[in-house]
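Just below is one structure, and these are the notes that go with it.
The values are calculated or read from the model by the stated rules, or taken from the named source; none is laboratory data. Just so we're clear, the structure is a prediction, and the values are computed from it rather than from any experiment. Don't worry about glycine lacking a Cβ; one is built from the backbone with ideal geometry, like all the others, and counts go over all protein chains shown.
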Amino acid sequence: MKVRRNRLVVLVVVVLAGAGLASAQGWDAEYQRGVAAYEANDFATAMAAFRPLAEQGHTESQFAVGYMYANGQGVVRDPEIAANWYRKAASLGHAKAQYNLGIALRSGNGVERDPTEAAKWFGKSAAQGHVPAEFAYGLVLLDGLGVDPDPTAAAGWLIKAAEAGHPDAQLLVGTLYLEGRGVERDVETARGWLTKAAAQGNLEAIYRVGVMGPDGEVKLSDPDVLARVRRAADVGYPQAQYDLGAAYATGQGVTKDPAVAATWFGKAARQGFPRAQYDLGYLYEHGIGIDQDASSAVRWYQSAAESGFARARYALGLMMAAGRGVERDREGAYRWMLEAAQQGLPAAQYGVGVMLSEGQGTAKDEKAALQWYRSAATGGNANAMYAIGNLFANGFGVAKDFSEAEKWYCKAAKLGHPMALSMLEGRDFEATCGFAKPEPNPDLVAGIGVQERPPAPAQSPVPVP
């Protein structure tokens with residue numbers, strides 16, 4: 001009986017395989033009819049050809065139907081239906097569908113926004129050599145969007161895309177070599193990639209090659225460089241507008257003038273330049289060169305945050321937690337803070353630790369708090385070091401361990417943390433910590449992370465992608 005059953009299974013497989021082969025032959029002719037109609041802009045005929053094939057499992061047709069629903073070609077535009085068809089084709093291994101599904105999941109277009117799921121599909125598509133996916137996967141690994149940040153792996157994928165001729169990847173690879181991020185810093189290699197991107201008409205690469213000095217830096221103190229930056233800013237190029245604003249904010253090559261800086265940041269911000277949006281928000285929050293206006297600060301922070309700028313996400317979380325310029329929203333504050341923390345920003349990692357430790361906007365979880373504190377401490381955050389000391393001193397989420405607490409207090413004290421210095425008061429400091437007692441650092445804010453200051457605006461015009 002067992003043998004007969006196995007033979008039946010084999011027979012069914014053979015029949016299905018034969019049917020599939022015949023269908024594939026029929027599918028190809030009908031699919032090509034749909035392609036011809038699509039190329040002639042006869043979208044109704046194209047959809048009539050593609051849809052029956054898609055419903056039978058033809059992956060190219062599933063992708064085509066999804067694409068046409070995404071763009072409203074021959075049908076009413078419907079991102080949700082588009083995403084469903086992309087998912088069908090993606091699940092069968094269609095690289096372009098996997099990439100487009102990743103785009104939908106990253107943006108929340110037609111599906112619930114899910115950066116982790118987006119990263120998964122980008123990775124699947126990239127593994128098949130789809131160049132746009134190699135670039136997208138490199139970006140999510142670089143910024144930690146839905147995955148742990150991994151600059152080295154990110155650089156690998158971005159270099160693959162750059163070698164395939166992707167101009168934005170060439171620009172970003174050039175930037176990585178300039179910064180030494182994920183790769184060893186190499187100005188000449190950076191210049192080479194930027195030149196390749198510039199040769200393809202990438203405006204940012206053209207601009208950078210034009211203003212970059214021999215050492216890879218943009219020296220606005222050089223009158224010739226400043227003149228080139230100003231010309232580009234005057235014709236509306238947002239990176240140049242930002243750089244010129246940074247020059248006036250810092251007094252590089254010009255007389256320092258925060259009001260003029262705010263004007264140039266505003267020009268770049270209104271063109272959607274995230275770093276300028278963040279810096280303009282900072283100026284509004286603190287009334288530097290512009291009237292103080294917390295609600296305007298929140299608006300610009302949010303614009304930059306929605307573009308993925310980590311410092312803006314953190315700053316927006318602070319504003320929402322405090323109810324400054326916006327109605328207090330602890331849950332919203334935690335979400336923005338967490339996104340910034342996942343991108344590797346130490347101050348945000350500390351803030352998430354505090355909110356988990358105190359149950360602000362999320363369930364209280366001392367063990368999870370400790371993990372975020374450790375991440376922040378690895379990034380040099382003195383408040384996180386002090387907080388870890390407190391956890392061990394009090395036995396919150398860990399076993400009490402005064403020796404471990406003392407070690408972390410010393411780490412924070414070395415950076416001048418006032419409260420850590422206070423905790424070590426009355427002891428032989430040098431014998432306890434192994435170094436001379438430093439002066440307190442007044443810029444370190446002791447206490448809860450959601451009262452920390454957001455990072456200040458960039459103090460140099462070095463471009464950031």
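Summed over segment 231-251, the residues that are more than 15 Å from Arg275 (Cβ to Cβ), small (Gly, Ala, Ser) and in a helix (DSSP H, G or I) give a count of 1.
Restricting to segment 291-310, name every residue that is at pLDDT below 95 and either over 11 Å from Glu339 (Cα atoms) or part of a loop (DSSP other than H, G, I, E, B) (or both). Of everything in segment 291-310, those that are at pLDDT below 95 and either over 11 Å from Glu339 (Cα atoms) or part of a loop (DSSP other than H, G, I, E, B) (or both) turn out to be Ser307, Gly308, Phe309.
Are any of the residues in segment 83-92 farther than 21 Å from Ser125 by Cα, surrounded by fewer than 17 Cβ atoms within 10 Å (Cβ to Cβ) and either aliphatic (A, V, I, L, M) or in contact with a strand residue (DSSP E or B) (Cβ under 9 Å, 6 or more places away or on another chain) (or both)? Explain how you work it out, then say what you get.
First, pick out the residues of segment 83-92 that are farther than 21 Å from Ser125 by Cα: none.
Taking every residue of segment 83-92 in turn, none turns out to be farther than 21 Å from Ser125 by Cα, surrounded by fewer than 17 Cβ atoms within 10 Å (Cβ to Cβ) and either aliphatic (A, V, I, L, M) or in contact with a strand residue (DSSP E or B) (Cβ under 9 Å, 6 or more places away or on another chain) (or both).
For Arg113, the requirement of being modelled with pLDDT under 95, at negative phi, within 15 Å of the chain's Cα centre (by Cα) and buried (at least 20 other Cβ atoms within 10 Å of the Cβ) is not met. Restricting attention to segment 382-431, report how many residues are under 32 Å from the mean Cα position of the chain (by Cα) and not in a helix (DSSP H, G or I). Within segment 382-431, residues that are under 32 Å from the mean Cα position of the chain (by Cα) and not in a helix (DSSP H, G or I) number 4. Screening Leu142 against (1) part of a helix (DSSP H, G or I); (2) surrounded by fewer than 20 Cβ atoms within 10 Å (Cβ to Cβ); (3) modelled with pLDDT under 95 leaves a single unmet condition, (2).
Based on this model, can you work out whether Leu244 counts as crowded, with 22+ Cβ neighbours inside 10 Å and under 23 Å from the mean Cα position of the chain (by Cα)? Steps first, answer last, please.
Details: crowded, with 22+ Cβ neighbours inside 10 Å: yes; under 23 Å from the mean Cα position of the chain (by Cα): no.
When the stated conditions are applied, Leu244 does not pass them.
Which one is surrounded by the fewest Cβ atoms within 10 Å (Cβ to Cβ), of the residues in segment 192-217 that are free of Cβ contacts under 8 Å to residues at least 12 places away in the same chain and under 25 Å from the mean Cα position of the chain (by Cα)? Only one residue tops the list, namely Ile206. Any residue at all in segment 223-239 that is in contact with a Ser or Thr (Cβ under 7 Å, 6 or more places away or on another chain), among the small types (Gly, Ala, Ser) and more than 29 Å from Arg324 (Cβ to Cβ)? Checking segment 223-239: not a single residue is in contact with a Ser or Thr (Cβ under 7 Å, 6 or more places away or on another chain), among the small types (Gly, Ala, Ser) and more than 29 Å from Arg324 (Cβ to Cβ). Put simply, of Gln128, Gln98 the only residue that is at pLDDT 95 or above, surrounded by fewer than 20 Cβ atoms within 10 Å (Cβ to Cβ) and either basic (Lys, Arg) or within 24 Å of the chain's Cα centre (by Cα) (or both) is Gln128.
How many residues does segment 343-353 contain that are in a helix (DSSP H, G or I) and surrounded by fewer than 24 Cβ atoms within 10 Å (Cβ to Cβ)?
Residues of segment 343-353 in a helix (DSSP H, G or I): 346-353.
Still in the running and surrounded by fewer than 24 Cβ atoms within 10 Å (Cβ to Cβ): 346.
Within segment 343-353, residues that are in a helix (DSSP H, G or I) and surrounded by fewer than 24 Cβ atoms within 10 Å (Cβ to Cβ) number 1.
Conditions tested, residue by residue: (1) small (Gly, Ala, Ser); (2) closer than 28 Å to Met320 by Cβ; (3) surrounded by fewer than 18 Cβ atoms within 10 Å (Cβ to Cβ).
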{"position": "Gly359", "(1), (2), (3)": "yes, yes, yes"}
{"position": "Asp365", "(1), (2), (3)": "no, yes, yes"}
{"position": "Leu370", "(1), (2), (3)": "no, yes, no"}
{"position": "Asn381", "(1), (2), (3)": "no, yes, no"}
{"position": "Phe396", "(1), (2), (3)": "no, yes, yes"}
{"position": "Phe402", "(1), (2), (3)": "no, no, yes"}
{"position": "Lys407", "(1), (2), (3)": "no, no, yes"}
{"position": "Ala412", "(1), (2), (3)": "yes, yes, no"}
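Test Arg313 against the stated conditions and say whether it is in a helix (DSSP H, G or I), out of contact with any helix residue (DSSP H, G or I) (no Cβ under 7 Å at 6 or more places or on another chain) and within 18 Å of Gly144 (Cα to Cα). Spelling it out, it is not the case that Arg313 is in a helix (DSSP H, G or I), out of contact with any helix residue (DSSP H, G or I) (no Cβ under 7 Å at 6 or more places or on another chain) and within 18 Å of Gly144 (Cα to Cα).
Output the residues belonging to segment 220-261 that are in contact (Cβ under 8 Å) with a residue 12 or more places away in the chain and among the basic types (Lys, Arg).
The initial filter retains those residues of segment 220-261 that are in contact (Cβ under 8 Å) with a residue 12 or more places away in the chain, namely 220-223, 225-226, 228-230, 232-233, 236-250, 252-254, 257-261.
Scanning segment 220-261 gives Arg228, Arg230.
Restricted to segment 250-291, and to residues that are of a type in the set (S, T, N, Q) and surrounded by fewer than 17 Cβ atoms within 10 Å (Cβ to Cβ), which residue is farthest from Asp234 (Cα to Cα)? Walk me through how you get there before you give the answer.
Within segment 250-291, the first condition is being of a type in the set (S, T, N, Q), and the residues that meet it are 250, 252, 255, 263, 271, 277.
Next cut, surrounded by fewer than 17 Cβ atoms within 10 Å (Cβ to Cβ) only: 255, 271.
On the way: Thr255: 18, Gln271: 14 Å.
Per the criteria, the residue is Thr255.
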